[in-house]
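The values are calculated or read from the model by the stated rules, or taken from the named source; none is laboratory data. Computed from a predicted model, the values in this text were never measured in an experiment. Positions of Cβ are backbone-derived with ideal geometry, glycine not excepted, and every protein chain shown enters the neighbour counts.
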Amino acid sequence: MSAATTEQELIAVLDFGSQYSQLIVRRVRELGVYCELFAPDVAAQELTRAPLRGVILTGGPASVYREGAPRADPALFDLDVPVLGICYGMQLGCELLGGKVSAGAGGEYGRTLLEVVAADELFQGLPRECTVWMSHGDVVSALDEGFQVLARTAGCPVAAARHRERPFFGVQFHPEVSHTPLGREMLDNFLRVCGVRRTWRLTTFIDTSVADIRRRVGDAHVVCGLSGGVDSAVTAALVAQAVGRQLVCIFVDNGLLREGEAEEVVSVFGDHFDIELRVVDASDRFLSRLVGVTDPQEKRRIIGHEFVEVFKAEASSLPGVRFPDQDTQYPDVIASGTSWKG
């Protein structure tokens with residue numbers, strides 16, 4: 001379920017595998033702007049389904065010049081919205097627009113002194129020198145005349161740059177982490193460049209989501225699968241707030257949760273929500289399916305498949321619930337009236 005409706009402006013964050021990707025989303029939302037995380041190769045046209053105001057390309061562990069490195073749709077730069085590349089995202093954007101990326105002499109890791117060498121919107125209101133957090137081995141080693149260098153460090157001649165004709169900005173450091181003290185201001189400046197309104201609030205998201213669920217469900221009954229994870233718990237809480245006793249939650253205990261976590265799920269949804277909660281202890285089933293399996297991806301596939309099968313078996317005992325002939329490896333499942341989806 002997305003809060004990016006036709007009225008809600010969007011900053012799209014393309015995830016290239018950075019450990020900070022979710023943190024970027026959080027920082028943008030803290031500044032009053034709605035954003036969502038997307039796959040790195042999402043089609044540019046897909047992003048325009050909502051009023052797109054800007055794109056952020058995250059960092060990542062790959063090297064852009066290696067075969068198989070994640071790529072972005074080059075058409076992103078034809079959408080006429082500002083794009084901010086962070087670390088790997090900067091290197092990728094620079095390469096796609098005519099620059100060159102190479103392995104650095106030794107890389108930079110940790111707090112580093114940044115020198116701003118060109119006044120620009122991205123560094124508006126900031127001092128000429130500030131501390132930033134670096135974590136990179138590759139560098140932008142060459143730029144054509146279409147680029148302007150904005151900042152540098154002792155070990156990185158192109159620590160920030162922008163394209164002169166296209167609205168692309170790149171920073172080699174990480175403005176989203178607290179170790180970059182003025183990073184919030186830098187992200188704020190980028191959002192100013194985007195011209196996005198600061199209208200997003202968590203309470204607005206909740207109210208909008210609840211109203212949308214209530215409208216879609218009507219007087220039907222809803223079945224929601226609880227896995228113990230955040231996604232299914234938030235979904236169940238929103239649906240419970242929207243339709244109350246029309247909701248039945250099925251909690252599948254797979255025996256893989258942290259100590260006391262299953263009891264906590266039962267306590268929260270059994271004691272604090274006016275819904276019917278059904279608990280299925282399938283821990284023996286899950287654990288037996290995982291015996292001898294060592295590959296993490298295969299484990300995830302098995303867990304997802306078993307969750308759906310256990311959920312479907314329990315939900316089928318409820319009157320009026322039917323399932324289409326399809327399957328999913330995702331563990332969060334919702335059913336209402338005649339269909340379900342993960």
Check: Yes or no: Ala50 within 17 Å of the chain's Cα centre (by Cα), modelled with pLDDT of 95 or more and either buried (at least 18 other Cβ atoms within 10 Å of the Cβ) or small (Gly, Ala, Ser) (or both)?
Finding: no
Margin query: Every residue in the range 157-170 that is surrounded by fewer than 22 Cβ atoms within 10 Å (Cβ to Cβ) and under 16 Å from Gly104 (Cβ atoms), please.
Written below: Pro157
Check: What number of residues within the range 128-153 are within 13 Å of Tyr109 (Cβ to Cβ) and surrounded by fewer than 18 Cβ atoms within 10 Å (Cβ to Cβ)?
Finding: 1
Next item on the list: Residue by residue through the range 174-217, note down the ones that are at pLDDT below 95 and of a type in the set (D, E, K, R).
Entry: Arg197, Arg198, Arg201, Asp207, Asp212, Arg214, Arg215, Arg216
Next item on the list: Kindly indicate whether any position in the range 179-190 is of a type in the set (A, V, I, L, M, F, W, C) and loosely packed, with under 14 Cβ neighbours inside 10 Å.
Entry: no
Next item on the list: Output the strands (runs of 3 or more DSSP E) that fall wholly within the range 98-172 and possess 3 or more residues being polar (S, T, N, Q), or say none.
Entry: 129-142
Item checked: Residues located in the range 50-78, provided they are of a type in the set (A, V, I, L, M) and farther than 22 Å from Pro175 by Cβ -> Ala50, Ala69, Ala75
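So that you can scan it fast, the table gives a plain yes or no per residue for (1) hydroxyl-bearing (Ser, Thr, Tyr); (2) outside the structural domain of Gly60 (by TED's automatic domain parsing); (3) within 21 Å of Val33 (Cα to Cα):
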{"position": "Val171", "(1), (2), (3)": "no, no, yes"}
{"position": "Val177", "(1), (2), (3)": "no, no, yes"}
{"position": "Arg184", "(1), (2), (3)": "no, no, yes"}
{"position": "Ala211", "(1), (2), (3)": "no, yes, yes"}
{"position": "Arg215", "(1), (2), (3)": "no, yes, no"}
{"position": "Ala220", "(1), (2), (3)": "no, yes, no"}
{"position": "Val223", "(1), (2), (3)": "no, yes, no"}
{"position": "Leu226", "(1), (2), (3)": "no, yes, no"}
{"position": "Ala233", "(1), (2), (3)": "no, yes, no"}
Next item on the list: Select, from Val64, Val33, Val13, Val25, the only residue that is in a helix (DSSP H, G or I) and out of contact with any Gly (no Cβ under 7 Å at 6 or more places or on another chain).
Entry: Val25
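If you check Phe273, Phe307, which single one turns out to be assigned by TED's automatic domain parsing to the domain that holds Leu226 and either modelled with pLDDT of 90 or more or small (Gly, Ala, Ser) (or both)?
Phe307
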Notebook entry, point to check: Which is outside the structural domain of Val171 (by TED's automatic domain parsing) and either surrounded by 18 or more Cβ atoms within 10 Å (Cβ to Cβ) or modelled with pLDDT of 95 or more (or both), of Ala43, Ala4?
Noted result: Ala4
Next item on the list: Could you please let me know if Leu76 is touching a residue at least 12 places away in the same chain (Cβ under 8 Å) and part of a helix (DSSP H, G or I)?
Entry: yes
Notebook entry, point to check: From Ala62, Ala75, which residue is aliphatic (A, V, I, L, M), surrounded by 14 or more Cβ atoms within 10 Å (Cβ to Cβ), over 12 Å from Val13 (Cβ atoms) and assigned by TED's automatic domain parsing to the domain that holds Phe169?
Noted result: Ala62
